[in-house]
Amino acid sequence: MNAVGTTNEVRGSGGGGLALALSDCWTMTRRELAHWGRQPVRVAVGVAFPVMILLMFGYLIGGGRDVGGDYIDYLVPGILALTMAFGLESTVLALTQDLNKGVIDRFRSMPMANGAVLVGRSAADMLQSAVSLAAMTGVGYAIGWRAHTTAEGFLGALGLLLLFRFAMLWIGIYLALLAGKPEMVQAVQILIWPVGFLSNAIATPTSMPDWLGTVVLWSPMSRTATAVRDLFGGVDGASGHVLTAVLWPTALFAVFFPLALRRFARLSH
């Protein structure tokens, strides 16, 4: 048994294993947050990019067909959902860089809970996602979008968006561990972009060919976008999608979280 495995057994044998694991995760989260201060441009670009997408579709490419109301009311929730899928490249790139620089190996040689590095990375990403959502909703209000709902509905919509982001994040982490090299990030981008646009985020399924509209209607992002539109009180929302908007990300997380932890545990020193 390696030193890390022995140490982890000792740490977990005293009954305080969970507390120690959470402490390790928080330490890794603070490490990632410290990078924000040293890389402010990357953080700013991460927030500005979805804003640019919103403005581009709202003013340059806007006017979606078959939308039962103001296109801005349809577009903003969709772009919020789209934002939760995009931006994973920075997480994938950072993780693969740590792998290739030997940073992960150094962490694995320490008395640290297995997977704390990954959880810390995901926690920091979720904080940045929350900041992006706040910026996006602010821009949405600035361009005329309004949420016609209660405070509970508004917070519920944000919760669904962050849940979707959390699931997508662990897919990205698993792909990063699978790829292992920063050069492979481009391949991850190629996978993510079609998934993002194969949804009703910016166009209604009724404006697409029947077969494509059916596929789009059942995609995880479409379910999230439709449920969020309903909770915001916007156009083309459907209350029946809230349950599936919870089940889809939960199922994805249940698959990719253990896969990522297992892959991480098998990394060679």
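See the values below:
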item: Heavy-atom accessible area ranking, 1.4 Å probe, most first, across Y74, Y174, Y141; result: Y141, Y174, Y74
item: Directionally averaged shadow of the range 113-174, computed from the convex hull of its alpha-carbon atoms, nm²; result: 5.0
item: Residue-by-residue Karplus 3J(HN,Hα) for the range 107-118, coefficients 6.51, -1.76, 1.60, Hz, glycine and proline x; result: 5, 5, 7, 8, x, 10, 4, 4, x, 4, 4, 5
item: Value in Å of the Kirkwood radius, where the range 142-269 supplies the Cα pairs that are averaged; result: 16.1
item: Extension gain (nm, one decimal) between V131 and V215, 0.36 nm per residue minus Cα-Cα; result: 27.1 nm
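The values are calculated or read from the model by the stated rules, or taken from the named source; none is laboratory data. Just so you know, these numbers come straight off a predicted model, no measurement behind them. Each accessible area value is taken on the protein alone, full model and side chains, heavy atoms only, with ligands, DNA and RNA left out. Shrake-Rupley method; radii C 1.70, N 1.55, O 1.52, S 1.80 Å.
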